[in-house]
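A.B. asks: For reference, the structure I am asking about is given below.
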Amino acid sequence: MLELENVAASYGHFRALNGISLRIDAGEAVAVIGANGAGKTSLLRVISGMLPATEGRMSMEGTDLRRTAPHRIIDTGIAHVPEHRHLFPKLSVEDNLKMGSFPRSSRAYYRDRLDYVYELFPRMKERRNQAAGTMSGGEQQMCAIGRALMSKPKLILLDEPSTGLAPVVVSQVFDLVRRIRSEGYTVLIVEQNVKQVLKVVDRAYLIETGQIHASGSADEMMSSDAVRQSYMGISQ
């Protein structure tokens, strides 16, 4: 589905990604783990076109993403849920969800998708007229994921969905990830909460200083001494 080969990207003179290669197959849930500043968010920004790649090859189901205008990448089936959610806090929940159907290709099935999101997340239907900024962090994350689902995506990019949330809410957020997985969506999730995220994905890539340093199944990464010591605080 999604393939990256030797992808690099920079912020000015700072090289954020250097030779990243990875593959996501349809139906998988894959995590990118690593420390803060390792390049995880930059990777998702490159895939969704927010940060241009300077080198390498990227394709989504055969479509060359480097030759696709950023505002057209959503039409390839990629939806990005950014870190900190970036909802419109003064707009209602329903108006925020409508924003997910802004692309012309999504407008024809807006009502069906809204009904689908409300069926998947009944709480959003209950709060559809409430200002999004007045909801709890977990509810706002639910709304952000719902907004992404409005475009009928094939691949959902989740950037640090547990950031800034209380432990009990973090558990709820990962339940949301399980729920969208059960609906058959392909998920690429960037997350610092390594122990939690490895419970909900099939595979993971470990990124350090803008490069992939390890990869494997969730079980393999969970049992890796390097991952356990550096990212879970578990000694041998």
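A.B. asks: With the requirement that a residue be under 18 Å from the mean Cα position of the chain (by Cα), part of a helix (DSSP H, G or I) and touching a residue at least 12 places away in the same chain (Cβ under 8 Å), what does segment 175-226 give you?
C.D. replies: Of everything in segment 175-226, those that are under 18 Å from the mean Cα position of the chain (by Cα), part of a helix (DSSP H, G or I) and touching a residue at least 12 places away in the same chain (Cβ under 8 Å) turn out to be LEU176, VAL177, ARG178, ARG179, ILE180, ARG181, VAL194, LYS195, GLN196, VAL197, ALA218.
A.B. asks: Still on this model: Please specify each residue of segment 149-169 satisfying the condition of being in a helix (DSSP H, G or I) and modelled with pLDDT under 85.
C.D. replies: First, pick out the residues of segment 149-169 that are in a helix (DSSP H, G or I): 149, 167-169.
Within segment 149-169, PRO167, VAL168, VAL169 meet the criteria.
A.B. asks: Here is a follow-up. Does ARG15 meet the test of being out of contact with any helix residue (DSSP H, G or I) (no Cβ under 9 Å at 6 or more places or on another chain) and modelled with pLDDT under 95?
C.D. replies: Judged against the criteria, ARG15 is a match.
A.B. asks: Only one of these is more than 20 Å from the chain's Cα centre (by Cα) and modelled with pLDDT of 90 or more: ARG107, ARG66, ARG128. Name it. Step through it out loud before you land on a result.
C.D. replies: Numbers: ARG107 fails: modelled with pLDDT of 90 or more; ARG66 fails: more than 20 Å from the chain's Cα centre (by Cα).
Going through ARG107, ARG66, ARG128 in turn, just one is more than 20 Å from the chain's Cα centre (by Cα) and modelled with pLDDT of 90 or more: ARG128.
A.B. asks: Would you pick out the residues in segment 125-173 that are out of contact with any Pro (no Cβ under 8 Å at 6 or more places or on another chain), of a type in the set (A, V, I, L, M, F, W, C) and surrounded by fewer than 21 Cβ atoms within 10 Å (Cβ to Cβ)?
C.D. replies: Once the filter is applied, which keeps residues that are out of contact with any Pro (no Cβ under 8 Å at 6 or more places or on another chain), of a type in the set (A, V, I, L, M, F, W, C) and surrounded by fewer than 21 Cβ atoms within 10 Å (Cβ to Cβ), segment 125-173 yields MET135, LEU165, ALA166, VAL168, VAL169, VAL170.
For (1) out of contact with any strand residue (DSSP E or B) (no Cβ under 8 Å at 6 or more places or on another chain); (2) surrounded by fewer than 22 Cβ atoms within 10 Å (Cβ to Cβ); (3) under 19 Å from ILE156 (Cα atoms), each residue gets a yes or a no:
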| position | (1), (2), (3) |
| --- | --- |
| MET1 | no, yes, yes |
| GLY12 | yes, yes, no |
| GLY19 | no, yes, no |
| ILE33 | no, no, yes |
| VAL46 | no, no, yes |
| GLY62 | yes, yes, yes |
| LEU65 | no, no, yes |
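A.B. asks: Still on this model: Can you tell me which residue is modelled with the highest pLDDT among those in segment 131-148 that are outside any helix (DSSP H, G or I) and under 21 Å from PHE174 (Cβ atoms)? Can you show your working first?
C.D. replies: Let us first name the residues in segment 131-148 that are outside any helix (DSSP H, G or I), namely 131, 135-136.
Applying the additional criterion that residues be under 21 Å from PHE174 (Cβ atoms) yields 135-136.
On the way: MET135: 92, SER136: 88.
Across segment 131-148, the extreme among qualifying residues is MET135.
A.B. asks: Out of the residues in segment 131-155 that are of a type in the set (Gly, Ala, Ser) and over 13 Å from the mean Cα position of the chain (by Cα), which is nearest to ASP75 (Cα to Cα)? Can you show your working first?
C.D. replies: Initial filter on segment 131-155 (of a type in the set (Gly, Ala, Ser)): 131-133, 136-138, 144, 146, 148, 151.
From what's left, over 13 Å from the mean Cα position of the chain (by Cα): 131-133, 136-138, 151.
Values: ALA131: 28, ALA132: 26, GLY133: 28, SER136: 31, GLY137: 29, GLY138: 28, SER151: 8 Å.
Here the answer is SER151.
A.B. asks: Would you kindly identify the strands (runs of 3 or more DSSP E) lying entirely within segment 1-84 that contain at least 1 residues that are farther than 22 Å from GLU191 by Cβ?
C.D. replies: Here the list reads 2-11, 14-24, 55-60.
The values are calculated or read from the model by the stated rules, or taken from the named source; none is laboratory data. Because the structure is predicted, anything quoted here is derived from the model rather than measured. In this analysis, Cβ positions are derived from the backbone assuming ideal geometry, glycine residues included, and neighbour counts consider all displayed protein chains.
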